[in-house]
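Undergrad: The structure is given below, and queries will be raised subsequently.
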Amino acid sequence: MTRGSAATSVGTVLAELFAAAARGCRDRSPLTQRLLDDAAGDLRRGGVTTRIMAGSERDREGAVPGLRFAGAVHRLVLEGRAPDLAKHYPSVGGQPHLPTLWEDALPALEQHADLLRHRIAAAVVQTNEPGRSAPLYGGLLVAAQEAAKAAGRQVPFCVRLLEVGASGGLNLRPHHVAYRLDDTVLGDPDSLLVLDPEWTGRPPADLTHRLRVVGRAGCDLNPVDVSTEDGRLHLSSFVWADQLARWNRLRDALDLAATDPVRVERSAGPEWLARQLARVERDVLTVVWHSVVWQYVSPADRAMGRAVLADAAARATAKTPLALLVFEPRRTDGDDYRFELLLKLWPAGISLNLGHGGGHGTPFTWDVTPWE
Ligand SMILES: C[S@@+](CC[C@H](N)C(=O)[O-])C[C@H]1O[C@@H](n2cnc3c(N)ncnc32)[C@H](O)[C@@H]1O
């Protein structure tokens, strides 16, 4: 094979990956879909995208090069480095005009090709969805009240929240968010972050009780420090610019985080959890929480995580109860899957599937069944 044909076949493979990523955006982000389709065409022609993606051609499976490209381009826009392109990006007040998107992208791609190549090679796609605070909040109310009932207490437990795979930690302040229901507002009505949880049904709990969170901590293999501009841009760049509701939610969650900082520690989940769970607090419900993390965790870490939790569960008492609360996709029939909220409580021996919802936490249907 000649050098030229090798380059062509690599370009073709990347173009296919970009086209597949574009199909994944269909009906959800016409802007990203068009950018990726145009970039796929550019890769086939050996245009500037080929230079930008140099070094990322042999990415491992799941590294989604197209989404990293789209994120890096979005970041240029957010930084004010792509003024012609910005007029297409609703995240900075623009309005997409798809037929002229690529010609307006080209000057920025040419000018910042080296910067883009460097960033795309270094980055992993990473998000943090504050909408998941809504099922978390409802699940915590249920957990705090069920644990109290099982322990023969009148008053719900205070909660210590431990999040594995916390990303930027945006779901570590569920009690400081406002949740707007038809007839009432739960949480903190004065919050900078107001969510419309779009609930069908209600959590099986007394919603008039306030959630009391007395401790919070989080870890991530790749934590994002949202107290820095770099961290905020990193998370923002991977939200599709024409999904304005999601964009606004993230912006408000970042603003809220600035008023109430919580550091996310750099660590793999099991080691960190073992250290956290070694410390026991009396009269507090310790809740281990993770959302949309499990699919990324290695088999070895999964096994170790289960063992760490089983060990802590065996030590839990009526005065020092433990909960596992997760919001994760679970396979249903065939290839279909849905996002389910699952709760286990020790020593109460309670194990519930609390309901299911959209991947970003809203909408959500409360529908309690046993968790087998
Ligand atoms: C899709 S994000 C979800 C982030 C957050 N939980 C949320 O719901 O917005 C998955 C996160 O899990 C983290 N992660 C993956 N494997 C991990 C592990 N073994 N230990 C800790 N964090 C992990 C990733 O770095 C990433 O930030």
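Every read-out reported here was derived from the displayed coordinates using simple, explicitly stated rules and does not represent laboratory data. From a predicted model like this one, the values you see are computed outputs, not experimental measurements. Cβ: placed from backbone, ideal geometry, glycine included. Neighbour counts: every protein chain shown.
Undergrad: Stretch E16-D335 to full length: gain in nm at 0.36 nm per residue minus the Cα-Cα span? Please report the intermediate quantities before stating the final value.
TA: Numbers: separation 319, 0.36 × 319 = 114.84 nm, distance 2.24 nm.
112.6 nm is the gain from fully extending E16 to D335.
Undergrad: Among DSSP bridges having both ends in the chain, what percentage is antiparallel? Round to the nearest 5.
TA: On the way: 25 of 50 bridges.
The antiparallel proportion sits near 50 percent.
Undergrad: Kindly provide the helix-only [θ] at 222 nm of the chain, computed as the sum of -39,500 (n - 2.57) over DSSP H runs of four or more divided by all residues, to the nearest 500 deg cm²/dmol? Mind showing how you got there, number by number?
TA: Details: 12 runs with 153 residues, N = 372.
Computed mean residue ellipticity for the chain: -13000 deg cm²/dmol.
Undergrad: Averaging sequence separations of C-alpha pairs under 8 Å and six or more residues apart, then dividing by the length of segment 200-287, give the relative contact order as a whole percent.
TA: Details: 52 pairs, mean separation 34.2, N = 88.
The normalised contact order for segment 200-287 reaches 39 percent.
Undergrad: While we're looking at this one, here's another question. Around G218, with a cut-off of 11 angstrom between Cβ atoms, what is the net charge of the other residues, counting Lys and Arg +1 and Asp and Glu -1? Could you put the intermediate results ahead of the total?
TA: Details: positive: R173, R216, R263, R266; negative: E163, D220, E265.
Net charge around G218: +1.
Undergrad: Below 8 Å, C-alpha to C-alpha, sequence gap of six or more: please give me the relative contact order for the chain in percent.
TA: Values: 695 pairs, mean separation 59.7, N = 372.
Worked out over the chain, it gives 16 percent.
Undergrad: Another question about this same structure. Would you mind ranking C25, C158 by Cβ crowding within 10 Å, fewest neighbours first?
TA: Ordered from fewest to most neighbouring Cβ atoms within 10 Å, C25, C158 come out as C158, C25.
Undergrad: What is the gain in length, in nm to one decimal, between R306 and D225 on full extension, counting 0.36 nm per residue of separation less the C-alpha to C-alpha distance?
TA: Working it through step by step, the gained length comes to 26.4 nm.
Undergrad: Now for a separate question. Suppose R0 equals 45 Å. What FRET efficiency, 1/(1 + (r/R0)^6) with r the Cβ-Cβ distance, do D206 and E110 give to the nearest 0.05? List each step's numbers first, then the result.
TA: On the way: r = 60 Å, r/R0 = 1.34.
It comes out at approximately 0.15.
Undergrad: T317 versus A121, label points 7 Å from Cα toward the beta carbon: distance in nm?
TA: Placing both labels 7 Å along Cα→Cβ, they lie 5.7 nm apart.
Undergrad: Here's another thing I want to ask about it. If each Cα of the chain is one equal point scatterer, what is log10 of I(q)/I(0) from the Debye formula at q = 0.07, 0.10, 0.12 Å⁻¹?
TA: Each listed q maps to, in turn, -0.35, -0.68, -0.93.
Undergrad: Using r as the Cβ-Cβ distance of R81 and D260, and R0 as 30 Å, what FRET efficiency do you calculate, to the nearest 0.05? Present the calculation step by step, with values, prior to reporting the outcome.
TA: Working: r = 31 Å, r/R0 = 1.03.
Using R0 = 30 Å, I get an efficiency of 0.45.
Undergrad: Can you list residues from other chains, or at least 5 along the same chain, whose modelled amide H is less than 5 Å from the amide H of C158?
TA: L285
Undergrad: Let me ask something else about it. Among residues other than V326 whose Cβ falls under 10 Å from its Cβ, what is the net charge (Lys/Arg +1, Asp/Glu -1)? Kindly include the intermediate steps, with their values, before the conclusion.
TA: Details: positive: R330, K344; negative: E328, E340.
Value of the local net charge: 0.
Undergrad: Then there's this: Give me the net charge for the shell around A258: Cβ to Cβ below 13 angstrom, other residues only, Lys and Arg +1, Asp and Glu -1.
TA: Cβ neighbours under 13 Å give a net charge of -2.
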